[in-house]
Amino acid sequence: MAAYDGIEAQVRNILGDTNDDSWDAQVIEYSIHMAMDRYSTVVERVITQCIQLTQAGVWAQPLTNWTGDPLCEVVYVHWPAHSTIPTTTDENKVLDYFYYFHGSKPGASIIHTCYLDLKVDGSTLPAASDYIMVTGTCKHRIEGMEYEYYGGGDSSTYTTIPLAHRHIISLGAAAYCLRSHEVNRAVKAGAVPVGFESAYHVGIMADMAERFMRDFEAELYLLAQKKLDRPIWGDPERRRLQRLADIGSTVPRPKSR
């Protein structure tokens, strides 16, 4: 069984839909996507690559040689570097960096390239074909799930979410499913009652959706707090962890028992 099938089954069990007759498979898929995106803001999937620069200088350096899944955020930059990570022992000359994305549409495909503006130590600037080490975050994957944002709706062959965290994705997806169902039924509340199209059942679903969402956000809050316990590496890392703290501050704290 693919990991996605297991998570979908868990979501249906949480929703009481073991017969697959209340929630459409596409609604559950979109809800899992939304839960994964929210989860990814706290639990990052980190990838490090040594790539060659395509131009000289410190402004608007395009990371076009980045391979694999697209970058979501740049978290560390090291220059000068070597072609492989283990031999990158030079002193880091990058004092600070700023990253941003530029979208272009050549032909039928849309390409979003990440660019770097660098502040380096000394007067020697990066040259074309120099190697630079970049650590960044990418979206998580679940084996067997379709990924439109990776181009072409390809089905993933591997899972990046830890087994211990999959219940968090299921809980968040169930909350989004309930919210979607609640809104849909509330709109139809004036029609002839069918299934759960009554004010009572809409209220029950609204209450369940709120409880599930609070539990989902509380799980993410605990994970965010654990990340803040580690040492801070530098100014970019300090700013990034401050953003995590700001995210965590909007999440309800779990009640003490």
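Each reported figure results from applying straightforward, stated rules to the coordinates on display, with no laboratory input. On a predicted model such as this, the values are computed, not experimentally measured, just so you know. Neighbour counts are summed over all protein chains in view; Cβ atoms, including those assigned to glycine, are modelled from backbone coordinates with ideal geometry.
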Subject >> Asp130 versus Asp37: modelled label distance in nm, points set 7 Å from Cα along the beta carbon direction >> reply: 3.7 nm
Subject >> More than 19 Å apart - percent of Cα-Cα pairs taken over the range 45-138 >> reply: 37 percent
Subject >> Debye, to nearest 20: dipole size of the range 45-138, +1 on Lys, Arg Cβ, -1 on Asp, Glu Cβ >> reply: 260 debye
Original post:
For the modelled label position 7 Å from the Cα of Val27 along Cα-to-Cβ, which residues of the range 163-179 have backbone nitrogen atoms closer than 15 Å?
Top reply: 173-179
Original post:
Stretched out fully, how many nm does the piece from Ile85 to Ala9 gain, at 0.36 nm a residue minus the Cα gap?
Top reply: 23.4 nm
**OP:** Could you please report the charge total around Asp96, scoring K, R as +1 and D, E as -1 over all other residues with beta-carbon less than 13 angstrom from its beta-carbon?
**Re:** +1
Original post:
Cβ under 15 Å from Gly16's Cβ, Gly16 left aside: what net charge do those residues give with Lys, Arg +1 and Asp, Glu -1?
Top reply: -4
Subject >> Sequence-distant residues sharing a close amide H with Tyr76 (under 5 Å, placed H) >> reply: Thr135
**OP:** Write down Rg/Rh for the range 19-87, rounded to two decimals, with Rg from the C-alpha atoms and Rh from the Kirkwood relation over Cα pairs.
**Re:** 1.19
**OP:** Could you tally the net charge around Arg239, taking each other residue with its Cβ under 11 Å from the Cβ of Arg239, Lys/Arg +1 and Asp/Glu -1?
**Re:** -1
**OP:** Can you put Met213, Met205 in order of Cβ neighbours within 10 angstrom, beginning with the fewest?
**Re:** Met213, Met205
